[in-house]
Amino acid sequence: MRTPIIAGNWKMNKTIAEATALVREMRRELNEIEGVEKVLCPPFTALSAVAELLQATKIKLGAQEMHCEEKGAFTGAISPLMLKELCQYVIIGHSERRKYFGETDEGVNRKVKVAFQHGLIPIICVGENLEQNEAGQTEEWVSGQVRAALDGLAAEQVKELVMAYEPIWAIGTGKPATAAGANAIIGLVIRGTVASMFGEDAAQAVRVQYGGSVKPANVVEFMTQPEIDGALVGGACLAADKFVAIARLAAEIKGTHK
Ligand code: PGA
């Protein structure tokens, strides 16, 4: 049975003071929600303060990006050595990194491998844009991203990692994918591709989130789908009450304690 995972991608939001206030506001309620993994991904500058606030809780911490080298002349970059002191998870290949920062499939693959070398669990984002979606290229595109991201991994690693299906046209638009549509892409395309590369066991073990305009009002639809193991939440994770509500609803529907 796959443990559902609800992660909040704060993106470029919250100063340290604001991050601390947000975590204090949701920490107790979020921690009490059982049967789902809860992960906060604040910006790098707030990781340390948030890590301290999460000590003695079961809430996990993730980074939004990572450089693939351990150290050296890479001005402005953050290495896995720096993150492993603080985080359990790292988001890799978010569409905003691909679009604005030149992230490539090769870069994603390299970072995924490096994450494993340092004991960090990658949350690998894939998803098509509107043009691809309308041209009927979603399956081919997403399958290609999955293949590239997972190339050269071991099946045991694939069972550990998390993927997020995030159609780009659904991110930050208030227009989510349909739950059935996301379920189909995750089941047929993402798990299907994983199965062809690593076997059916790995395909059934890998956890796959849906992301793109998830909020309390629609999370139930997504969580009732069998192939969807949680959500990667952007905008709604910046409000304590909304993120707690999303995690609670996910736990009620597919929490492993049931
Ligand atoms: P959104 O972002 O929830 O604001 O659509 C999701 C994401 O980019 O991970």
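The values are calculated or read from the model by the stated rules, or taken from the named source; none is laboratory data. Since the structure is predicted, the reported quantities are computational estimates derived from the model, not experimental observations. Counting neighbours? That spans all protein chains shown, and the Cβs are built from the backbone with ideal geometry, glycine included.
Is there a residue in region 148-155 that is within 26 Å of ALA250 (Cα to Cα) and in contact with a helix residue (DSSP H, G or I) (Cβ under 9 Å, 6 or more places away or on another chain)? Scanning region 148-155 turns up no residue that is within 26 Å of ALA250 (Cα to Cα) and in contact with a helix residue (DSSP H, G or I) (Cβ under 9 Å, 6 or more places away or on another chain). Taking the criterion of being over 24 Å from GLU37 (Cα atoms) and of a type in the set (Val, Ile, Thr), the only residue of region 80-135 that qualifies is THR104.
So ARG98 clears everything in (1) surrounded by fewer than 18 Cβ atoms within 10 Å (Cβ to Cβ); (2) closer than 19 Å to MET12 by Cα except one condition, right? Which one? Exception for ARG98: condition (1).
Residues in region 120-176 that are within 18 Å of the chain's Cα centre (by Cα), surrounded by fewer than 24 Cβ atoms within 10 Å (Cβ to Cβ), more than 16 Å from the ligand (Cβ to nearest atom) and among the β-branched types (Val, Ile, Thr): ILE121, VAL158.
Applying the criterion of at least 3 residues that are modelled with pLDDT of 95 or more and closer than 30 Å to GLU156 by Cβ to the helices (runs of 4 or more DSSP H) found wholly in region 167-224 leaves 179-184, 192-198, 200-205. For region 84-100, taking the residues that are more than 14 Å from the ligand (Cβ to nearest atom) and not hydrophobic (A, V, I, L, M, F, W, C), the one that is farthest from GLU69 (Cα to Cα) is identified as GLN88.
Taking region 229-243 as the range and being in contact with a strand residue (DSSP E or B) (Cβ under 8 Å, 6 or more places away or on another chain) and either away from the ligand (no atom under 14 Å from the Cβ) or at positive phi (or both) as the test, the residues that pass are ASP229, GLY230. Scanning region 197-255 for residues being within 20 Å of ALA19 (Cβ to Cβ) and buried (at least 20 other Cβ atoms within 10 Å of the Cβ) gives a total of 10. The requirement of being within 19 Å of ALA247 (Cβ to Cβ) and surrounded by 20 or more Cβ atoms within 10 Å (Cβ to Cβ) is not satisfied by LYS11.
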